[in-house]
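Read the structure below first, then the notes.
The values are calculated or read from the model by the stated rules, or taken from the named source; none is laboratory data. A quick note: this is a predicted structure, and the numbers were derived from the prediction, not measured. Backbone-built Cβ (ideal geometry, glycine too); neighbour counts: all protein chains shown.
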Amino acid sequence: MREEQSVVFVIDDDPSIRDTLEDLLRSVGLDVRVFESTQGFLASERPDAPACLVLDVRLPGQSGLDFQRGLPALGIDLPMVFITGHGDVPMAVQAMKAGAIEFLTKPFRDQQLLDAIQAGIEEDRARRRDAALVAELRTRLESLTERERQIMALVVIGQLNKQIAAALDISEVTVKVHRGQIIRKMRAKSLPELVRMADRLCLHPNAGHPQPR
């Protein structure tokens, strides 16, 4: 997957804070999109690029913490850095338990924020690479026939050719032929690599199809 320019989304209802953060982040070469509300962020067109979300805890209407809890249901998975002038320990714990990268209390040092944002962008970049790999593996899996998927599901849990043949009521020779096709189509260099692929796909041994975790 081609690496794209990373982007930082900032949500804060204080215009002076938005301007300050925008200037800071642009000074280190980051693409910045600023919003005064979570509604504005959700209504915007977001680039398909590694990103991090910086948001205030206290916002008009929905709080930053409530917004954080609701994002998974919207299909939005972004690393978050919280900033606040009214934070406390329980609030910070809640944010971090929900997956926040950092919880910074104003005033904070510029470098603290930049380090947290960089960690968030790297986390999102890794997530995107992982998602691209899984998508590619799914495409390879779909190239297998139904029988090949059945056999692959049994191969990766350690079944021998004769056991697979007995389970599927086919000959061992047929199993060997299918195994060769599976290795070729999945582009696996070895059986352990095929096992790792199956694990990434959550391949169910009974159906031969990827299952959600």
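Figures for the structure shown
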{"item": "In region 95-113, the residues that are surrounded by fewer than 17 Cβ atoms within 10 Å (Cβ to Cβ) and under 21 Å from the mean Cα position of the chain (by Cα)", "result": "M96, K97, A98, G99"}
{"item": "The lone exception for L21 - which of (1) crowded, with 17+ Cβ neighbours inside 10 Å; (2) at pLDDT below 90 it fails", "result": "(2)"}
{"item": "Meets criteria (surrounded by 12 or more Cβ atoms within 10 Å (Cβ to Cβ), at pLDDT 95 or above and either among the small types (G, A, S) or in contact with a Leu (Cβ under 9 Å, 6 or more places away or on another chain) (or both)) for I170", "result": "no"}
{"item": "Check on V32, in contact with a His (Cβ under 8 Å, 6 or more places away or on another chain) and either among the aliphatic types (A, V, I, L, M) or surrounded by 19 or more Cβ atoms within 10 Å (Cβ to Cβ) (or both)", "result": "no"}
{"item": "Candidate set from region 193-211 (those that are closer than 15 Å to L154 by Cβ and at pLDDT below 85); member that is surrounded by the most Cβ atoms within 10 Å (Cβ to Cβ)", "result": "L203"}
{"item": "Selection from region 50-72 of residues that are assigned to a loop (DSSP other than H, G, I, E, B) and among the small types (G, A, S)", "result": "G61, S63"}
{"item": "In region 4-45, residue nearest to the chain's Cα centre (by Cα) [restricted to those that are over 27 Å from A132 (Cβ atoms) and basic (K, R)]", "result": "R26"}
{"item": "Residue count for region 40-49, restricted to those that are without any contact (Cβ under 8 Å) to a residue 12 or more places away in the chain and either crowded, with 19+ Cβ neighbours inside 10 Å or outside any loop (DSSP other than H, G, I, E, B) (or both)", "result": "1"}
{"item": "Leading residue by the ranking (nearest to the chain's Cα centre (by Cα)) among those in region 46-87 that are more than 14 Å from D13 (Cβ to Cβ) and acidic (D, E)", "result": "D77"}
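To keep it simple, each residue is scored yes or no on (1) in contact with a strand residue (DSSP E or B) (Cβ under 7 Å, 6 or more places away or on another chain); (2) outside the structural domain of L30 (by TED's automatic domain parsing); (3) part of a helix (DSSP H, G or I); (4) closer than 30 Å to A198 by Cβ.
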| position | (1), (2), (3), (4) |
| --- | --- |
| M96 | yes, no, yes, no |
| L114 | no, no, yes, no |
| E122 | no, no, yes, yes |
| R127 | no, no, yes, yes |
